[in-house]
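These notes concern the structure reproduced below.
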Amino acid sequence: MKKIIVSLFALSLLFACNGGQKGSQESKSNNLSLKGSDTVLPLGQATAEQFMKTNPGVSISVVGGGSGTGVTALIDGNTDIAMCSRDLKGEEKLKLKEKGIDAVVKSVAVDALAVIVHKDNKVDQLTREQIEKIFTGEIKNWKEVGGEDAEIVVYSRENSSGTYEFFKEHVMDKKNYASTVLNMPATGAIVQSVSQTKGAISYVGLAYLNADTKALKVSYDQGATFTGPSMESAKDKTYPISRPLFYIYDSKSEAKVKAYLDFCLSAEGMKIVETVGYIPVQ
């Protein structure tokens, strides 16, 4: 009789443990994490919020910090999805492969990267070459580009930012930023700094434009035509500084991230993309 009681007790413990493990596994599968690009951050937050409303059992955390930070977190197993405003670098691909991660790169939106100044700045447009010279330190005063006699204060993201990398490659012709450039930890900090500094200039994603700053028209044909950043100019590709925005994840996590990604790429998800201020991919 004692043996039967002991066996039943052990069996109940086994079922309890298995049930606990199952509950823990289900809890983990219902927790999703996104980390990375500050540019993608508003989109990640908006889609996560709406997805959780229609899926109350799911919890999604969304954290910025830069594209490089997101990819590092994916490599280290600290996030399910890396948000990126650029594609993967060669060395990142190697590190992912070394960790046995089969990275899937999904384009979730298109962004027009805006060059912004203080709202009272009298300069309305710049050529790519002028922007390059400002950020490399060759042009130091607004009067050199048709503005007032005032020092140019340049703000940029830190080098962990995908936007920092994209701007350097596609706007600055891969030249180095001037040592006097003030690096900011987040895009929100850039917007605030430019809005409070009359001589300031920087760059932000389309979703970060507001009434406290002014987006400049840009020319990529040495001043023949100037176009400002907008959803329309990005869609028809007349604005020259646009780029895709990505979600990157491990293919082995497909089952975990699929429902959320399907939502992001659905018609409802694309409406959120437009509401946030970016351009849908379909």
Odd one out for residue 253, checked against (1) outside the structural domain of residue 131 (by TED's automatic domain parsing); (2) not acidic (Asp, Glu); (3) not in a helix (DSSP H, G or I): (3)
Scanning segment 226-237 residue by residue, those without any contact (Cβ under 8 Å) to a residue 12 or more places away in the chain and either in a loop (DSSP other than H, G, I, E, B) or in contact with a Cys (Cβ under 8 Å, 6 or more places away or on another chain) (or both) turn out to be 236, 237
Tally, over segment 152-171, of residues that are over 18 Å from residue 117 (Cβ atoms), more than 14 Å from the chain's Cα centre (by Cα) and assigned to a loop (DSSP other than H, G, I, E, B): 0
Can you confirm whether segment 205-223 contains a residue that is of a type in the set (Val, Ile, Thr), over 19 Å from residue 40 (Cβ atoms) and assigned to a helix (DSSP H, G or I)? no
Which ones in segment 241-263 are under 20 Å from the mean Cα position of the chain (by Cα), more than 18 Å from residue 162 (Cβ to Cβ) and in contact (Cβ under 8 Å) with a residue 40 or more places away in the chain? 250, 257, 260, 261, 263
If a residue counts only when it is among the β-branched types (Val, Ile, Thr) and at pLDDT 95 or above, which helices (runs of 4 or more DSSP H) contained entirely in segment 1-117 have at least 3 such residues? 67-75
Any chance segment 219-239 includes a residue that's under 21 Å from residue 67 (Cα atoms) and surrounded by 18 or more Cβ atoms within 10 Å (Cβ to Cβ)? no
Which condition from (1) under 24 Å from residue 42 (Cα atoms); (2) of a type in the set (Gly, Ala, Ser); (3) part of a loop (DSSP other than H, G, I, E, B) is the one that residue 147 breaks? (1)
Go through (1) assigned to a loop (DSSP other than H, G, I, E, B); (2) of a type in the set (Lys, Arg); (3) under 19 Å from the mean Cα position of the chain (by Cα) for residue 174 and report which single condition fails. (3)
Hey, residue 282 hits all of (1) out of contact with any strand residue (DSSP E or B) (no Cβ under 6 Å at 6 or more places or on another chain); (2) in a helix (DSSP H, G or I) but one; which does it fall short on? (2)
Taking the conditions exactly as written (in contact with a Ser or Thr (Cβ under 9 Å, 6 or more places away or on another chain), within 27 Å of residue 52 (Cβ to Cβ) and either without any contact (Cβ under 8 Å) to a residue 24 or more places away in the chain or not hydrophobic (A, V, I, L, M, F, W, C) (or both)), does residue 188 satisfy them or not? no
When every residue in segment 265-279 that is part of a loop (DSSP other than H, G, I, E, B) and more than 15 Å from the chain's Cα centre (by Cα) is compared, the one surrounded by the most Cβ atoms within 10 Å (Cβ to Cβ) is 265
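The values are calculated or read from the model by the stated rules, or taken from the named source; none is laboratory data. What you are looking at is a predicted structure, and each value in this text was computed from that prediction instead of being measured. Virtual Cβ from ideal backbone geometry, glycine too; neighbours counted across all protein chains shown.
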